[in-house]
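Colleague: Questions regarding the structure given below will be posed in turn.
The values are calculated or read from the model by the stated rules, or taken from the named source; none is laboratory data. Please read these numbers as outputs of a predicted model, since none were measured by experiment. Cβ: placed from backbone, ideal geometry, glycine included. Neighbour counts: every protein chain shown. Surface accessibility is based on the protein's heavy atoms, side chains included, excluding ligands, DNA and RNA. Shrake-Rupley method; radii C 1.70, N 1.55, O 1.52, S 1.80 Å.
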Amino acid sequence: MAFIVLLAAAAAAIALVLHHLLSAQKKRSSRSAGSTSYSLPPGDLGVPVIGQTFSLLHALRSNTDDQWFRARIKRYGPVSKMSVLGSPTVLLAGTEANHFIFTNQGLILTQTRALRSLLRRSILTLTGDDLKQVRSALQGYLRPEMVRGYVGKMDAEVRRQLKLNWVGRSTVNVLPMARSLTLGVICSVVFGEEAAAIVDALATDFQQLGDAILSFPVNIPFTRFGKGMRSSAKIREAITKFARKKEEEYSLLLSQDEGCTTATATATTSAATDFVTYMLLLRSRGAHSLSLADIVDNVMGIVIGAHGTTSTLITFMVRHLANEPDVLAKITQEQDEIAGRNGRDGALTWEDVSSMKYTWRAALETLRTVPPVFGSFRTATKDIEYQGYLIPKGWKVFASQSITHMDPRFFAEPTKFDPSRFEKRSSIPPYSFLPFGGGPRMCPGTEFSRVETMVAMHYLVTRFRWKLRFEDEAYNKDPKPTPVFGCPVELELRKTPAI
Ligand code: HEM
């Protein structure tokens, strides 16, 4: 009896919530943005709360998201409404839409609840003045002149990784090895000399944290989110210890360097400076007011932003080159010339990386065909009119990169892998190619990832040859493109290396 009463009460509560949601939806269906009245875009919001979430997640997991988006665009046009992850969302398509989503001031970057819990106050979750301070500091740390100074560290770390995980093996699973490589590279820069110890202790935790970003945010042990939260706590603890040590060293430096004239002045321009010291230095100059805990969260944000994305690029580049012998031959020629100049033991220089023009075009073509970040979400902070439709305050806006990347109007024969498309960057229409996003939240790590990828590809191409174990290995989006078996390859040392 009690059970029936409970069931009836639950049914009544659900009916009430549905009624509330539907009437709120109705109220919003026509509202004003400014002085004019606009109606909501066409489309359907599906079942309240759930909407199209499962259908889209299924499309991502089966790598059919591009078809999924195109089907909606065909049915409803380039501006349509749907509901995902519990939020009414406007799906936008086209270059104008990309421009709108990346530059409109009424839209702010949206992160999942899981990410906000995992990374707390990192650049990925901040807004307003805090964001401005962190972005400007990070852009300084990743500016091209600084990245130029990181080439030596990247070179040493890539060689160390190849010796550890590639040399002497007849098969290699590329994805986990690329993840290990990119984690090693970013940590060698942000932690300096102490990177190896941190990477060894935390590699699995960084992976678990990254895996939890799109998970359901209920903190139960053994779920993705539960594991991610435990890893996040462990990483935060280790980085806090590192940061406290750097704070002590920095106070000592300040006390010996009255007026901050000599040693501290060079630290903002030195590639040897770890990220924590760099942030402490900026704070002492009044450039930001972040606490040590905030700095730690931002170290975590950079590592997460850097390694999953670049490892996806390297993995898919290796995969493409296995299927594209002509492209591989041209890259080999370019890289052999550089290797010939340096000799077997000479490290790569900034000038070497700058001369890898064709290899970088092949990387851009990889980013076009398999963008590591599948799309961008924003939230409307006020009612906004777009192309005659209303986007109500609080709604999400979403654009997928593949919509323009695979549109034959912008890229002829879009399924063909053709690095020559990027010979003349000016021929690519603005806002059609956006693997690094755009506008004020554009990826600050673009240059870093370019140099890192070029260094990694140099050593792979000049030293090894590989064959895919599964020619057409499927991949899903989780949310990053992930080959289902990790992209295993049969590996051999090159028979006729340039050096
Ligand atoms: C191939 C490599 C990479 C790709 C494809 C990529 C892509 C992106 C994209 C698309 C965004 C913007 C998302 C949006 O606006 O919705 C972004 C943001 C970001 N990326 Fe990257 N990224 C890469 C490498 C890196 C690296 C190497 C770093 C750091 C060294 C980095 C750090 C960040 C950070 C901190 C943000 C957040 C910026 C903000 O919220 O203002 N990324 N990335």
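Colleague: Taking segment 413-471 as the region of interest, how many residues are under 18 Å from the mean Cα position of the chain (by Cα), farther than 16 Å from residue 316 by Cβ, in contact (Cβ under 8 Å) with a residue 24 or more places away in the chain and part of a helix (DSSP H, G or I)?
Modeller: 6
Colleague: Would you say residue 464 is within 13 Å of the ligand (Cβ to nearest atom), of a type in the set (A, V, I, L, M, F, W, C), open to solvent by less than 10 Å² (accessible area, probe 1.4 Å) and touching a strand residue (DSSP E or B) at 6+ places or on another chain (Cβ under 8 Å)?
Modeller: no
Colleague: Next question. What's the number of the only condition in (1) in a helix (DSSP H, G or I); (2) over 24 Å from residue 120 (Cα atoms) that residue 234 fails to meet?
Modeller: (2)
Colleague: Residue pairs, Cβ under 6 Å, 6 or more apart or interchain, first in segment 87-105 and within 16 Å of the ligand (Cβ to nearest atom), second part of a helix (DSSP H, G or I) and small (Gly, Ala, Ser). List them.
Modeller: The qualifying pairs are 102/439; 103/439.
Colleague: Quick one: count up the residues across segment 374-396 that are closer than 18 Å to residue 435 by Cα and of a type in the set (A, V, I, L, M, F, W, C).
Modeller: Summing the residues that are closer than 18 Å to residue 435 by Cα and of a type in the set (A, V, I, L, M, F, W, C) in segment 374-396 gives 2.
Colleague: State which residue pairs qualify: first residue over 16 Å from residue 491 (Cα atoms) and outside any helix (DSSP H, G or I) and inside segment 319-330, second residue open to solvent by 80 Å² or more (accessible area, probe 1.4 Å) and hydroxyl-bearing (Ser, Thr, Tyr) in any location, beta carbons under 9 Å apart, and separation of 6 or more residues or different chains.
Modeller: none
Colleague: Which numbered condition trips up residue 109, out of (1) more than 12 Å from the ligand (Cβ to nearest atom); (2) at pLDDT below 95?
Modeller: Against the list (1) more than 12 Å from the ligand (Cβ to nearest atom); (2) at pLDDT below 95, residue 109 comes up short only on (1).
Colleague: If you go through segment 283-299 one residue at a time, how many are in a helix (DSSP H, G or I), surrounded by fewer than 23 Cβ atoms within 10 Å (Cβ to Cβ) and within 16 Å of the ligand (Cβ to nearest atom)?
Modeller: Qualifying residue count for the region: 1.
Colleague: Given the structure, is residue 169 more than 19 Å from the chain's Cα centre (by Cα) and more than 12 Å from the ligand (Cβ to nearest atom)?
Modeller: So residue 169 fits the description; yes.
Colleague: For segment 115-133, indicate whether the set of residues that are small (Gly, Ala, Ser) and within 11 Å of the ligand (Cβ to nearest atom) is non-empty.
Modeller: Yes, because at least one residue in segment 115-133 is small (Gly, Ala, Ser) and within 11 Å of the ligand (Cβ to nearest atom).
Colleague: Looking at segment 480-494, is at least one residue under 20 Å from the mean Cα position of the chain (by Cα), open to solvent by 10 Å² or more (accessible area, probe 1.4 Å), within 16 Å of the ligand (Cβ to nearest atom) and over 21 Å from residue 153 (Cβ atoms)?
Modeller: Checking segment 480-494: at least one residue is under 20 Å from the mean Cα position of the chain (by Cα), open to solvent by 10 Å² or more (accessible area, probe 1.4 Å), within 16 Å of the ligand (Cβ to nearest atom) and over 21 Å from residue 153 (Cβ atoms).
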